[in-house]
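Here the structure comes first, spelled out in structure tokens, and everything after it is commentary.
The values are calculated or read from the model by the stated rules, or taken from the named source; none is laboratory data. This structure is a prediction, so every number in the text was calculated from the model and none was measured. So basically every Cβ, Gly included, is an ideal-geometry build from the backbone, and we count neighbours across all protein chains shown. We work out accessible area using only protein heavy atoms, side chains counted, and drop any ligands, DNA or RNA first. Shrake-Rupley method; radii C 1.70, N 1.55, O 1.52, S 1.80 Å.
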Amino acid sequence: MSKVNRLLEEKVMPAAAKVAQQRHLNALRDGLILSMPLIIIGSFFLILANFPIQSYMDFLADRPQLKESLLYPYRGTFELMTLIAVFGIGYRLAESYKVDPLAAGAVSLSAFFVGTPYVTYIIGKTPEGVDITETAYQTAMFTSKGLFVGMLIALMCTEIYRLIVQRNLVIKLPDGVPPAVARSFTALIPGFFAIIAIWVIRLLVENVGSFGSIHNVITVLLQKPLTSIGTSLVGTMIIFLLITLLWSTGLHGATIVGAVTGPIWLTLTAENAKSFELDEPVQHIVTNEINDIVFIGGSGTTLGLVLAMLLFAKSQQMKQLGRLSIGPGIFNINEPVLFGMPIVMNPLLIVPFIVTPLISVLITYLAMDWGLVAKPIGIVPPWTMPPILQGYLITGSISGAILQVIILTLSFLIYYPFFRLWDKQKAAEESGGEEQ
């Protein structure tokens, strides 16, 4: 372990630190962290609405209005994370350029709405028979599903904004005008060009090719390759690699990849369930439940990282984040870690975030192929089911629970040396701030 730590400290950490100090990455990190309190609040209510006890789930199923009311705080916090992040990224990047950050954040947020499609509904008719319509944005794009596009828009709009301001191509009012009014007029020309740029990009995407909208570009480009990968060991590892790679850039990897693999894997789940019902050997290793077996604590298998924070953190930031993340992590919600640590756009922590699931998939596949662990039997437990119990239910065997214990231990061991370096850096920042 000492050799690993020395390698990380001497080779990986300096390179990662150099990359992390880049202006745009700093803005992305700070913008994502801005949404962390809302993510943690929303996670609490998401657990309440999906608590994995069957009697409780049946109770809520008979009272759909109660379940929906439990989700009100979740929708008002967790599901707005992209909007908060877009504003925060624009704000922080503009601040680093010493131009008006508030205006840049507002322009970035407005441009995101310009680039996001909306749907028109007919909600009634006038007495004369004319349709009464109402438009509504696709609120799914306000969650992490729209985060990647939101980050790009915020960076692009802020760059346009500051270039125009720094070239002094702005409206200047006399000195006697109140500062707030003067700043709003200063933002007029740069804001106009930033929004026009996103508008033009949206028109091009919607009218050229089959993407439909800016938000669909990544999904459409991945559909054909993912469909042809199959369910072999190599194919499955490629799928998990794509999920974590997409998440590490802020894209909702599970949703994007799952849109293609989900129908295929769910069919295999149903076939295994039929075989189990007929008391025949189940055939398929790779079913939809392999996500739940491998992604302990959420995408990236991050529960081991949360345990490392909880048990061994030295910095106050990591100690608090560990305490706040352990509850959601047990129920496989890891957005507090992804965006609060953050892992997204963090060149140091992206490494174990990608490596841990790949090794876990390899172990899972080989253990089931060799008969050491029972294959999934077609039972689909709630996604919030805590690990170990989840592994037992998916395989119908204690071997599934033991497999998840091994994966959790592996997750801790892989994340730990990277976490130590990150925690050491945060502790140094805190001590430096106290001295200052």
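So which aspartates and glutamates pass the test for residue 426, namely a Cα distance under 16 Å, with those fewer than 8 places away in the same chain ruled out?
9, 30, 434, 435
Once the Cα atoms of helix 23-34 and of the chain are each reduced to a long axis, what angle between those two axes, in degrees from 0 to 90 to the nearest 10, is obtained?
Approximately 70 degrees, to the nearest ten.
Taking every pair of alpha-carbon atoms in segment 277-376, what share in percent sits in each 5 Å bin, from 0 to the bin with the longest distance?
P(r) for segment 277-376, in whole percents per bin: 3, 13, 20, 19, 16, 10, 9, 6, 3, 1, 0.
Test of understanding: what is the full-extension gain from residue 213 to residue 139, defined as 0.36 nm times their sequence separation minus their Cα-Cα distance?
25.2 nm is the gain from fully extending residue 213 to residue 139.
In the chain, if the dipole is taken from +1 on Lys/Arg beta carbons and -1 on Asp/Glu beta carbons about the Cα centre, which of 204, 152, 270 is farthest to the positive end?
Of the listed residues, the answer is 152.
Check residue 99: other-chain or 5+ apart residues with amide H under 5 Å from its amide H, H built from backbone geometry?
none
What number comes out for accessible area per residue over the chain if the probe is 1.4 Å? Units Å², please.
With the other protein chains kept in place, the chain gives 47 Å² per residue.
With Kirkwood's inverse mean 1/r over C-alpha pairs for Rh, give me the Rg to Rh ratio of the chain, two decimals please.
1.01
Show me 114-123, 421-430, 371-380 ranked by packing, highest mean number of other Cβ atoms within 10 Å first.
371-380, 421-430, 114-123
Using a 1.4 Å probe on the protein heavy atoms, what percent of the accessible area of the chain belongs to carbon and sulfur?
In the chain, the share of accessible area belonging to carbon and sulfur is 66 percent.
Can you tell me which of 340-349, 260-269 comes out highest on packing, and rank the rest after it, using the mean Cβ neighbours within 10 Å?
So the order, starting with the most tightly packed, is 340-349, 260-269.
Please give the contour-minus-distance gain from residue 122 to residue 173: 0.36 nm per residue of separation, less the Cα-Cα distance, rounded to one decimal in nm.
Working it through step by step, the gained length comes to 13.9 nm.
For segment 183-199, in order, what is each residue's ³J(HN,Hα) by Karplus, 6.51 cos²θ - 1.76 cosθ + 1.60 with θ = phi - 60°, in whole Hz (x at glycine and Pro)?
Listing the rounded values in order: 5, 5, 6, 4, 7, 5, 5, x, x, 4, 5, 5, 5, 4, 4, 5, 4 Hz.
With just the Cα atoms defining each centre, how far is segment 176-239 from segment 46-64? Give it in Å.
So the separation of the two Cα centres works out to 37 Å.
How tilted is helix 253-277 with respect to the longest principal axis of the chain? Cα atoms for both, answer in degrees (0 to 90, nearest 10).
For helix 253-277, the angle is close to 20 degrees.
Please give the helix 350-369 orientation as an angle from the longest Cα principal axis of the chain, in degrees from 0 to 90, rounded to the nearest 10.
Tilt of helix 350-369: around 20 degrees.
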